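The values are calculated or read from the model by the stated rules, or taken from the named source; none is laboratory data. Everything numeric here is computed off the predicted structure, so don't read it as measured data. Because the Cβ atoms are built from the backbone with ideal geometry, glycine has one as well, and the counts that use them run over all protein chains shown.
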Amino acid sequence: MADPDSCVKSNENILTDSFLHLEEIDVNLYRGVNLFHPTGARSVYGGQVVGHALRAAYTTVPAEHHVHSVHCYFLKGGSADTPILYYVDHTREGRTYCNRNVKAIQDGAAIFTMQASFKKAETDLYTHQYSMPVVPGPEGLLSNLEIMERQLKSDSVSERRKQYLEKKLTEKVTTETRPVKVQYTSREEPMAPISYSWVRAVGHIGDDYRIHHCVAVYLSDSILDVATFPGAIHGEKSRSRMFMTSLDHSVWFHNPFRIDEWMLYEKECPHCGDGRAITLGRLWKRDGTLAMSVAQEGVMRTFKSSL
């Protein structure tokens, strides 16, 4: 059986050798440790669970197959104090396509499921795609970390917000985000539920496309926040009154890419209501190629309405 880490050698970084590391403990059974619980979150980062599940599934498919879609459900929040087990079920073996179902288990209970589909590469003359949004490049833009550092020094930021920022800035840096507009991070004024940010993994990931896919789904989970941009729920005070958690997450892979190079993450929220928000995203390569599409639905409630 393939070793989950056989394709990663001396160029490992914190994402591949820590947060996305898996231990093989039996046939089709893997264990994820070094779990990441983000500051202010109620559970383990969902993107890490998706990345673990995809990495586990990849070890069971032929080398010529690559993932083209994953469809996930978050059943309950995971704890960072206990390892997560991932069981891979071989649901279909085809000549072009094969499918895997992955169940994540913690303390004897299922916390997550993922259906992943893989295929052999093929070519067809009929192709088309949307056009990439025209936005400034990442050069010269402030990163999220730099924006938070500026907020921390601002006299207009509350003490509670400063305490959050201090903790957030101590987290291990695995990805870099440079929003096209500072307001996407500061959220001091109402905005339309649309954002554009340049993103990439920190460090060199290597040349195995499977690892780039796993890191990309890890990174893609940072999408639900765009639903908080409009004026009805905006700014620091609204964030303290909102309850948000992911319900499901889907990713479609269109073209090859490197996630350790700058990519534009386009996000939007077409609808929020009934305690739920639907968010859509696209990841673009700098040359205008559409690399991935993302969709996520999540719980979106004010604490008042959730009582």
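Data for the structure
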quantity	calculated
Scan of the stretch 169-184 for residues that are over 26 Å from residue 18 (Cα atoms), of a type in the set (A, V, I, L, M, F, W, C) and modelled with pLDDT under 90, ordered by number	182
Test for residue 78: is it closer than 17 Å to residue 37 by Cα and at pLDDT below 95	yes
Close pairs (8 angstrom Cβ cut-off, 6 or more residues apart or separate chains): in contact (Cβ under 8 Å) with a residue 40 or more places away in the chain in the stretch 220-231, surrounded by fewer than 23 Cβ atoms within 10 Å (Cβ to Cβ) and of a type in the set (Asp, Glu) anywhere	226/268
Total residues in the stretch 146-202, condition touching a residue at least 24 places away in the same chain (Cβ under 8 Å), basic (Lys, Arg), closer than 26 Å to residue 259 by Cα and surrounded by fewer than 18 Cβ atoms within 10 Å (Cβ to Cβ)	2
Checklist (1) within 30 Å of residue 73 (Cα to Cα); (2) assigned to a loop (DSSP other than H, G, I, E, B) applied to residue 136, failing item	(1)
Scan of the stretch 37-73 for residues that are in a loop (DSSP other than H, G, I, E, B), in contact (Cβ under 8 Å) with a residue 60 or more places away in the chain and either basic (Lys, Arg) or under 16 Å from residue 217 (Cα atoms) (or both), ordered by number	42, 45
Extreme residue, nearest to residue 44 (Cα to Cα), among residues of the stretch 109-148 that are modelled with pLDDT under 95 and small (Gly, Ala, Ser)	143
Of all residues in the stretch 75-104 being among the acidic types (Asp, Glu) and under 15 Å from residue 59 (Cα atoms), the one that is surrounded by the most Cβ atoms within 10 Å (Cβ to Cβ)	89
Condition broken by residue 298, with the remaining ones in (1) among the small types (Gly, Ala, Ser); (2) within 25 Å of residue 44 (Cα to Cα); (3) out of contact with any helix residue (DSSP H, G or I) (no Cβ under 6 Å at 6 or more places or on another chain) satisfied	(3)
